[in-house]
1. Tell me whether region 97-204 comes out rounded, prolate or oblate; compute the Cα gyration tensor, take square roots of the eigenvalues as a ≥ b ≥ c, and use a/c under 1.5 as the rounded threshold.
2. Find how much the distance from F74 to A119 grows on full extension, using 0.36 nm per residue of separation minus their present alpha carbon separation; answer in nm with one decimal.
3. Mind checking the per residue accessible area of region 130-253 for me, 1.4 Å probe, whole number of Å²?
4. Whenever you get a sec, compute what percent of the accessible area on region 67-205 sits on carbon and sulfur atoms (1.4 Å probe).
5. Tell me, what ³J(HN,Hα) does each residue in region 215-226 have, in order and in whole Hz, if you take phi through Karplus 6.51 cos²θ - 1.76 cosθ + 1.60 with θ = phi - 60° and put x for Gly and Pro?
6. So how far apart, in nm, are the two label points at E174 and S52 if each is 7 Å from Cα heading toward Cβ?
Amino acid sequence: MQCWIVSTLRQLRYVTVRTLDRKISTKYIMSSNLDSGFVSENCDNGVTIADSVRVLSIQSHVVSGYVGNKCAVFPLQVLGFDVDFINSVQFSNHTGYGLFKGQVLNDRDLGDLFSGIQANGLVNYTHLLTGYVGSESFLKKIADVVREVKKATSETIYLCDPVLGDAGEFYVPESLIGIYQKEVLPLADIATPNTFELELLSGRKISSEKDAIEAMEVLHGMGVHIVVLTSLDAEGPQLATYVSQRKRKIYYKKRNSRKYTWISDQ
């Protein structure tokens, strides 16, 4: 899932094009097909550089393996993003293993960290990214953080990866579904659910492309501008990825000839 998050943020970024005379101009990448994203632009030396871009990433952390912030922060930094990150959990390894140890952070933990950067005038983010959350109170606090970030910078783009599970298996408490529906997704500019998560959030069973499009419309109704269905595996052996905007433009492409469950470090 993280590869889609990084890709989407990259496609929506502000970029700095450094010309031969070293002058700097900043542009917001817009696509001829979608209102936001899916176009890249190169400077004269063939390198695209992100400038004046600050990302706050709120996701999981693992000691061993690469999921959540462990695999999102570094690629974004390589792309030129200035990334601050807050861990929602600190685990020995991801929960796909038979055993994991660590801490699940709560609303007070998130509030303490955010109030610190807020007090020092550091809440000036162009992008906000949230992923795995392990507790109800933490997820509810995220809604407060999103509002504060957007209050400080009204043009901040918020990408929500509503991590719930995959292939019928929950990774987090089921009670998070309602919080996403009522408190978090209404604040999101972009959401990136998989099929299982889209079913849970929309309340619809997805067994066809038509079902998927209708389910994405439910999320649009919650306020999400762009919905990226990262993997539809309901029809045949191929996975399809869909991008839907409120204007009812649907884009997709086949991703793979086999079905799989994404585990970042396996």
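The values are calculated or read from the model by the stated rules, or taken from the named source; none is laboratory data. Source: prediction; values computed, not measured. Cβ placement follows ideal geometry from the backbone for every residue including glycine, while neighbour counts extend to all protein chains displayed. To get the accessible areas, we keep the full protein, side chains included, count just its heavy atoms, and leave off ligands, DNA and RNA. Shrake-Rupley method; radii C 1.70, N 1.55, O 1.52, S 1.80 Å.
1. oblate
2. This chain segment gains 13.6 nm when fully extended.
3. 40
4. Percent of accessible area from carbon and sulfur atoms in region 67-205: 50.
5. 5, 5, 4, 4, 5, 4, x, 7, x, 6, 6, 10
6. In this crude label model, E174 to S52 measures out at 4.8 nm.
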